[in-house]
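Visitor: Input: one structure, supplied below.
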Amino acid sequence: MKKEFAVIGLGRFGGSICRELIAQGMEVLAIDIDEERVNEYSEIATYAVIADTTDEAVLKNLGIRNFEHVIVAIGDNIQASILTTIILKELGVERITVKAQNDYHEKVLRKIGADQVVHPERDMGVRIVTNLVSNNVLDYLELSNEYSIVELIAGIKMDGKTLLELDIRAKYGVNIVAIKRNEEILVSPQAEEKIKKGDVLVVIGAYQDINRLEKKMSEE
Ligand code: ATP
């Protein structure tokens with residue numbers, strides 16, 4: 001069954017979330033207070049409505065609590081973003097993701113029960129810099145303030161060695177959860193698996209530990 005999403009606020013961020021969800025075959029209710037923006041999305045989203053989401057009655061009438069996931073992408077108007085989130089929470093929406101403008105905004109959103117808070121500009125900045133400063137890091141996913149999943153490219157130092165020989169878990173306290181080799185993905189590789197130069201290692205662990213591993217790998 002298709003998952004049902006609602007996206008509130010159709011600026012650049014909310015708009016691209018809406019397009020991508022549709023591209024992935026989901027049902028999307030697109031909401032904005034601005035008529036022009038709603039018109040822009042009337043052909044793209046499954047439904048598009050003009051509404052002020054700081055009005056509880058409006059959200060109730062839209063049946064918002066029946067949507068599995070609501071994304072609040074109201075940017076500059078922090079007050080409207082907070083009020084909308086509170087109402088969604090009170091109406092019992094299962095999953096709420098909110099775009100935060102700054103750290104204070106994020107703190108409040110977490111306090112009032114947002115399930116996920118995103119900072120698209122900041123997160124993208126960190127991601128791009130991570131790629132710029134390291135040749136070995138392909139991508140990363142932040143799991144918490146402490147832990148992440150990182151894709152590292154195996155260099156010559158690892159070439160031909162088994163996971164057992166490299167003993168990465170004991171030496172660095174991180175786990176290799178998968179290896180991408182050409183089109184193939186080896187999930188939960190065995191200790192006897194031999195690494196080849198150019199393999200993409202999907203590593204999970206604490207930042208400092210992954211960093212240590214990455215630095216060691218770069219010393220070639
Ligand atoms: P981005 O940074 O994602 O490009 P933006 O700067 O375009 O966003 P804003 O204009 O601050 O973002 O807000 C996003 C959208 O949220 C706007 O289209 C705005 O009309 C809408 N919006 C603001 N307040 C409300 C509200 N109370 N109810 C519904 N939509 C709202």
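The values are calculated or read from the model by the stated rules, or taken from the named source; none is laboratory data. If you're wondering where the values come from, they're calculated on a predicted model, not measured in any experiment. When we count neighbours, we look across all protein chains shown, and the Cβ atoms used for this are built from the backbone with ideal geometry, even at glycine. Surface areas here come from the heavy atoms of the whole protein model, side chains and all, with no ligands, DNA or RNA. Shrake-Rupley method; radii C 1.70, N 1.55, O 1.52, S 1.80 Å.
Visitor: Apply the Karplus curve 6.51 cos²θ - 1.76 cosθ + 1.60, θ = phi - 60°, to the phi angles in the stretch 49-57 and return the couplings in whole Hz, x for Gly and Pro.
Guide: Once θ is set to phi - 60°, the couplings for the stretch 49-57 become 9, 8, 7, 9, 7, 7, 9, 4, 4 Hz.
Visitor: Hey, another quick one. So what does log10 I(q)/I(0) come out to for the stretch 134-218 at q = 0.13, 0.19, 0.22 Å⁻¹, using the Debye formula with one equal point on every Cα and no solvent?
Guide: Listed by q, the Debye log ratios stand at -0.35, -0.77, -1.07.
Visitor: How many Lys pairs in the stretch 78-204 lie less than 21 angstrom apart by Cα atoms, where the lysines are 8 or more positions apart or on different chains?
Guide: 21
Visitor: Separate question: Sequence neighbours fewer than 8 away in the same chain don't count; with that in mind, list the aspartates and glutamates whose C-alpha is under 19 Å from Lys216.
Guide: Asp139, Glu151, Asp159, Glu165, Asp167, Asp199
Visitor: For the stretch 17-171, give the magnitude of the charge dipole about the Cα centre (Cβ charges: +1 Lys/Arg, -1 Asp/Glu; no others), in debye to the nearest 20.
Guide: My answer is approximately 680 debye.
Visitor: Calculated from DSSP H runs of 4 or more alone, at -39500 (n - 2.57) each and per residue, what is the 222 nm mean residue ellipticity of the chain, nearest 500?
Guide: Taken over the chain, the calculation gives -10500 deg cm²/dmol.
Visitor: Note down the relative contact order for the chain as a percent, whole number, built from C-alpha pairs under 8 angstrom at least six residues apart. All intermediate terms of the calculation are to be shown ahead of the outcome.
Guide: Working: 404 pairs, mean separation 29.0, N = 220.
That works out to 13 percent.
Visitor: Percent of Cα-Cα pairs more than 27 Å apart in the chain, please.
Guide: Percent of Cα pairs beyond 27 Å in the chain: 47.
Visitor: In addition: Once the dipole of the chain is set up with Lys and Arg at +1 and Asp and Glu at -1 on Cβ about the Cα centre, which of Ile78, Asn131, Tyr104 lies farthest towards its positive end?
Guide: Final value for the positive-end residue is Asn131.
Visitor: Moving on to the next point. Run the accessible area of the chain with a 1.4 Å probe and give the carbon-and-sulfur part as a rounded percent.
Guide: For the chain, the apolar C and S fraction of the accessible surface comes to 50 percent.
Visitor: Roll a 1.4 Å probe over the protein chains and send me the accessible area per residue for the stretch 1-138 in Å².
Guide: 57
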